[in-house]
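Working notes, beginning with the structure itself.
The values are calculated or read from the model by the stated rules, or taken from the named source; none is laboratory data. As the structure is a computational prediction, the values presented were derived from the model and not from experiment. Methodologically, a virtual Cβ is constructed for each residue, glycine included, from the backbone with ideal geometry; neighbour enumeration extends over all protein chains shown. Side chains are part of the model used for accessible areas, which takes the heavy atoms of the whole protein and leaves out ligands, DNA and RNA. Shrake-Rupley method; radii C 1.70, N 1.55, O 1.52, S 1.80 Å.
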Amino acid sequence: MTAPLRVAVLGAGTVGREVVRAFLERGEDLRSADGATLVLAGVAVRDVAKAVATGIPEALLTDAPAHLVADPDVDVVVELLGGEEPARTLIAASLGAGKAVVTANKHVIAHHGPELEGLARRTGATFRFEASVGGGIPVLGPLATELAANRIQRVRGILNGTTNFVLTAMAQEGRDYADILAAAQAAGYAEADPTADVEGHDAANKLVILARLAFGVWMDPATVALVDAGGPGHGLPGITGVSAGDVTLARADGEVIKLVATAERGLDGAIVASVLPLRLPAAAALACTDGVLNRIEIEAEPIGVVAFSGPGAGGAATSSAVLGDLVAIARGLGSTWAGLAPAGVPPAGAGS
Ligand code: HSE
């Protein structure tokens, strides 16, 4: 029988506590019929007493994530701390030690993708990050596997649950975005600093990750255009320039404003990417994607257009993708990029 895989979870916030809860309450669902079993070996949190109060057994808890990463009895590290540091260092240390890593950290993957992919390939460690894009929606896996025989022309979609929740409420309630943002934060959709959501950086990070799987390159997130002086954002990034009045005016024209992320092959083969508020015909599928839902449309040859939609943020939905990656590791399925070739990095100044 295959030895059990011992899993350390770093972070018990919005997503982490749902992952830990799954281990504690329905561990039998996390089995692979033909692979290893998964065992929760430890949980690293900032405040142990607070975590005990939420029902996590004290024996599993530590406030020293680096110790869990270095523990020879830990085989798989689930990084759900979010943000740049210490997440990046802990992911790199785990991959460097040959340990499998599962993460939802779109910021770290988008900004350090080439280095982390290279490290994982060198050590042979499995690196999975389905939860980093689209919350619970499976989209990176299909890009790397079932759609691998396609030539992808364009990836377009709504990639941020917080801003879509806010734009939907603006359209339905006529209030400005700042008033509604607090509700998105209370629901666990927004980042710790919601500037990343409302200015479009979070969607840009997710677009960089989608582009890695779709086009085989790690784009620099700084090359994703976030501002369009002529659009409904009035030259401000993300949804920060969109007012309740803009939403009402768009509706009068039969249109809806959505924050749309697009990455596509230009005529010269370079990838051009943007995250911009756009006016869309009200009947378009993207325009009908409301609340915390995300939708990703992939235009490719020979398939045509295929779309994925579902809950794009929140602990429960995102834990589905994290747990799915853990089951994939138990099945021995390898990294999120599956059998795709190592990614390239576009030449400096290529805009992609
Ligand atoms: N803040 C993110 C969002 C969380 O609203 O989409 C999910 O990545």
Find the accessible area per residue for the chain; the probe is 1.4 Å, ligands and nucleic acids are left out, and the unit is Å².
-> 41
Once the whole set of protein chains is in place, how much accessible area is left on residue 289, using a 1.4 Å probe, in Å² to the nearest 10?
-> 10
Note down the accessible area of residue 253, probe 1.4 Å, to the nearest 10 Å².
-> 100
Determine the order of 122, 154 by accessible area, beginning with the largest, at a probe radius of 1.4 Å.
-> 122, 154
Hey, rough spin-label estimate for residue 53 and residue 192, points 7 angstrom out along Cα→Cβ, what's it come to in nanometres?
-> 1.9
At q = 0.13 Å⁻¹, work out log10 I(q)/I(0) for region 149-311 with the Debye formula, treating every Cα as an identical point scatterer and leaving solvent out; two decimals please.
-> -0.58
Could you please put 80, 10 in sequence from largest to smallest accessible area, using a 1.4 Å probe?
-> 80, 10
In whole angstrom, the spacing between the Cα centers of region 287-305 and region 28-56 equals 34
Spin-label proximity, residue 115 to region 202-221 - amide N less than 18 Å from point 7 Å beyond Cα toward beta carbon | 205, 209, 218-221
Enumerate the calculated ³J(HN,Hα) couplings along region 326-339 in order (Karplus 6.51 cos²θ - 1.76 cosθ + 1.60, θ = phi - 60°), each rounded to whole Hz, writing x wherever the residue is Gly or Pro.
-> 5, 5, 4, 5, 4, 7, x, 7, x, 6, 4, 6, 6, x
Would you please state the base-10 log of I(q)/I(0) at q = 0.16, 0.17, 0.23 1/Å for region 5-128, with intensities from the Debye formula using one equal scatterer on every alpha carbon?
-> -0.74, -0.83, -1.40
In order over region 120-130: 3J(HN,Hα) from phi, Karplus 6.51/-1.76/1.60, θ = phi - 60°, whole Hz, x for each Gly or Pro, gives 4, 5, 5, 8, x, 6, 7, 10, 10, 8, 4
Express the carbon and sulfur contribution to the solvent-accessible surface of region 149-311 as a percent, rounded to the nearest whole number, probe 1.4 angstrom.
-> 54
Would you please give the residues with an amide H less than 5 Å from that of residue 153, counting only those at least 5 places away or on a separate chain, with H modeled from the backbone geometry?
-> 299, 300, 301
Of 245, 136, 233, which is the most mobile in a GNM of the chain whose springs link Cα atoms less than 10 angstrom apart?
-> 245
Calculated from DSSP helices alone, with each H run of at least 4 adding -39500 (n - 2.57) and the total divided by the residues of the chain, [θ]222 nm to the nearest 500 comes to -10500 deg cm²/dmol
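Would you mind calculating the relative contact order of the chain from Cα pairs under 8 angstrom and at least 6 residues apart, reporting the percent as a whole number?
On the way: 765 pairs, mean separation 77.2, N = 352.
For the chain, the relative contact order is 22 percent.
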Restricting to the chain, what percent of DSSP beta bridges are antiparallel, rounded to 5?
-> 60
For residue 216, net neighbour charge (Lys/Arg +1, Asp/Glu -1) across residues whose Cβ lies under 12 Å away | +2
In the Gaussian network model of the chain, springs joining C-alpha atoms below 10 Å, which of 317, 22, 33 carries the largest mean-square fluctuation?
-> 33
So which residue, out of 282, 244, 53, gets the largest mean-square fluctuation from a GNM of the chain using Cα contacts under 10 Å as springs?
-> 53
Any idea how far apart residue 89 and residue 73 come out in nm if each label point goes 7 Å out from Cα toward Cβ?
-> 2.5
Rounded to the nearest 0.05, what FRET efficiency is calculated for residue 182 and residue 29 with R0 set to 35 Å and r the Cβ-Cβ distance?
-> 0.55
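Calculate, for residue 283 and residue 225, the FRET efficiency according to 1/(1 + (r/R0)^6) with r their C-beta to C-beta distance and R0 30 Å; round to the nearest 0.05.
0.65
Of all the Cα-Cα pairs you can form in the chain, what percent are over 31 Å apart?
For the chain, the fraction of Cα-Cα distances above 31 Å is 33 percent.
Relative contact order for region 5-128 using alpha-carbon pairs under 8 Å, separation at least 6, rounded to a whole percent?
25
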